[in-house]
Amino acid sequence: MELTVDAINKTFISNGNINQVLKDISFEVDKGQFISLLGPSGCGKTTLLTIIAGFQKPDSGSIIVEGKKVVKAGPDRGFVFQNYALFPWMTVKDNILFPMKQIKMPKAEREERLKVLLEMSQLEGREGLYPHQISGGMKQRTALVRALATKPSVLLMDEPLGALDFQMRQSLQDELEEIWLRDRTTVVMVTHDVDEAVYLSDRVIVMSTNKGQIVEDMNIELDRPRNRKSIEYEKYKNQLTIALTKASPEMTED
Amino acid sequence: MENKASLYKGRSRYSEMKKRDIKERIYRGLVFVGVIGIWYFGAIRIDSPLLLPTPMAIAKALVSSVTDPEILLNLSITMKRVLKGFLYALLAGIPIGYIMGLSELAEKLLGGIIDSVRQVPIMAWVPLTIIWLGIGDGPTLFMIALSGVFPIILNTMQGVRGISKDYYNAARSMGAGPLSIFVNVIIPASIPDVLTGARIAVGTGWMSVV
Ligand SMILES: Nc1ncnc2c1ncn2[C@@H]1O[C@H](COP(=O)(O)OP(=O)(O)OP(=O)(O)O)[C@@H](O)[C@H]1O
Ligand SMILES: [Mg+2]
């Protein structure tokens with residue numbers, strides 16, 4: 001198993017309010033699987049993803065990546081932030097080189113990998129620009145290949161396309177799929193877009209606002225690239241939409 | 001397609017900025033001329049070079065003083081002092097600012113002391129520093145450094161505090177250790193604030209020299 005999420009609990013206490021966000025969350029992800037965490041706003045998707053990344057600790061439970069228990073953030077788990085979190089003081093090239101320098105990849109190998117990544121993300125000729133000089137889509141692609149630079153075992157993405165407009169979003173979904181198909185890195189992606197989840201994922205997990213409980217865990221068995229107009233595609237979308245309504249606050253409030 | 005579009009957008013934004021720049025400069029010029037004008041007519045009405053000299057007299061005095069070697073020498077001595085005091089302020093302020101920005105404990109421990117020292121009017125230090133450092137350059141330098149050190153500390157600290165958590169998380173998830181995070185994230189992200197502090201420090205340095 002590439003990634004195991006085992007009985008994760010997480011409670012926040014703020015201003016005297018006790019808020020259990022995740023209760024006993026467990027699932028396993030196979031190597032090379034692209035899974036999406038789908039759920040209404042506030043259900044704990046980001047919290048769970050950042051626990052997997054090691055940015056914060058669960059109250060109890062454990063995350064296991066390639067047999068090793070996660071204790072802190074590390075380059076075996078790449079992370080793509082919703083707001084990209086590119087370093088504005090570094091060029092596109094230096095942003096992408098940064099993780100490779102951190103793991104002390106030899107220079108020749110680094111340069112070779114950089115070339116591949118720039119080609120993959122169609123950023124050739126832009127590598128000398130700073131993040132504020134490129135478009136949102138290009139930032140997104142920079143962030144994606146930066147996270148993939150060290151060939152992590154798991155790629156974690158928090159609403160990676162959330163900040164983009166509809167058209168940009170669809171075209172980047174295709175690019176994301178294309179890039180992913182090259183190495184088939186194991187992916188956990190957070191989204192609240194049903195269409196995006198069905199289009200990209202091998203498997204979709206739907207979390208509820210009620211302590212992050214998993215209300216649906218569905219394999220998407222469609223050939224890639226997927227046809228948004230097919231009947232099966234629609235069926236998956238409908239099923240997930242129903243699961244999503246079950247997961248929303250109105251249904252879980254007592 | 002996309003490239004051209006974004007290039008174009010960049011260019012038009014750039015020229016827009018230039019236009020705004022020019023406008024601003026024209027306004028500033030007008031205000032300047034206006035102030036000089038009011039000054040001039042005011043001076044003529046009052047008609048006393050002691051109370052309010054005319055702009056022309058000031059300009060003449062300025063020209064004759066910048067060509068007077070003795071005044072120039074004094075100016076260069078003052079500038080050297082301000083520069084030296086400023087360097088001491090940087091040397092002390094930047095490390096303290098970083099330490100206080102990075103460690104909450106340090107901020108709690110040092111914050112109180114710094115706040116109370118800051119409240120002491122700068123002139124109150126004069127007798128004390130003369131006792132400590134004797135007469136001469138010492139007290140002046142101390143005063144310049146002291147007045148400059150606070151804005152440097154405070155701005156540096158705020159700069160470090162203001163760094164987004166995402167940057168730290170991103171760096172860690174890419175394998176960066178503490179030293180690399182300091183060099184590649186904390187320093188570049190806080191430099192603009194450190195420079196703001198330094199700019200203010202030069203200003204207060206000049207003021208305290210007077
Ligand atoms: N550091 C924190 N302190 C207190 N409460 C928090 C903290 N982080 C998250 N929460 C709470 O935990 C819950 C889940 O937050 P989370 O960000 O994981 O949701 P999400 O599913 O990612 O939502 P969205 O789709 O809006 O991004 C929310 O109620 C939020 O207020
Ligand atoms: Mg979120």
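The values are calculated or read from the model by the stated rules, or taken from the named source; none is laboratory data. These numbers come from a predicted model, not from an experiment. All Cβ positions, even for glycine, are placed from backbone atoms using ideal geometry, and neighbour counts span all protein chains on display.
Between B:97, B:93, B:85, B:37, which is modelled with pLDDT of 80 or more and either within 30 Å of residue A:132 (Cα to Cα) or outside any helix (DSSP H, G or I) (or both)?
Answer to the selection: B:97.
Which one of these does residue A:116 not meet: (1) under 28 Å from residue A:224 (Cβ atoms); (2) assigned to a helix (DSSP H, G or I); (3) within 16 Å of ligand 1 (Cβ to nearest atom)?
Against the list (1) under 28 Å from residue A:224 (Cβ atoms); (2) assigned to a helix (DSSP H, G or I); (3) within 16 Å of ligand 1 (Cβ to nearest atom), residue A:116 comes up short only on (3).
Yes/no per residue for (1) within 10 Å of chain B (Cβ to nearest Cβ); (2) in contact (Cβ under 8 Å) with a residue 40 or more places away in the chain; (3) away from ligand 2 (no atom under 16 Å from the Cβ); (4) surrounded by fewer than 16 Cβ atoms within 10 Å (Cβ to Cβ):
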{"site": "A:123", "(1), (2), (3), (4)": "no, no, yes, no"}
{"site": "A:128", "(1), (2), (3), (4)": "no, no, yes, yes"}
{"site": "A:141", "(1), (2), (3), (4)": "no, no, yes, no"}
{"site": "A:152", "(1), (2), (3), (4)": "yes, yes, yes, no"}
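Of all the residues that make up segment A:42-58, how many are aliphatic (A, V, I, L, M) and near ligand 1 (Cβ under 8 Å from one of its atoms)? Talk me through it step by step, then tell me what you get.
Applying the first criterion (aliphatic (A, V, I, L, M)) to segment A:42-58 yields A:48-49, A:51-53.
Now restrict to residues that are near ligand 1 (Cβ under 8 Å from one of its atoms): A:48-49.
Selection size over segment A:42-58: 2.
Run residue A:181 past the list (1) surrounded by fewer than 20 Cβ atoms within 10 Å (Cβ to Cβ); (2) among the hydrophobic types (A, V, I, L, M, F, W, C); (3) more than 14 Å from chain B (Cβ to nearest Cβ); (4) farther than 24 Å from residue A:66 by Cα and report the number of the one that doesn't hold.
It fails just one condition, (4).
When the residues of segment A:9-34 are narrowed to those that are touching a Lys or Arg at 6+ places or on another chain (Cβ under 7 Å) and within 16 Å of ligand 2 (Cβ to nearest atom), which ends up farthest from residue A:77 (Cα to Cα)?
Restricting attention to segment A:9-34, the residues satisfying the condition of being touching a Lys or Arg at 6+ places or on another chain (Cβ under 7 Å) are A:9, A:20-23, A:32-33.
Going one step further and asking which of them are within 16 Å of ligand 2 (Cβ to nearest atom), we end up with A:21-22.
Details: A:21: 23, A:22: 21 Å.
Applying the filter and picking the extreme gives A:21.
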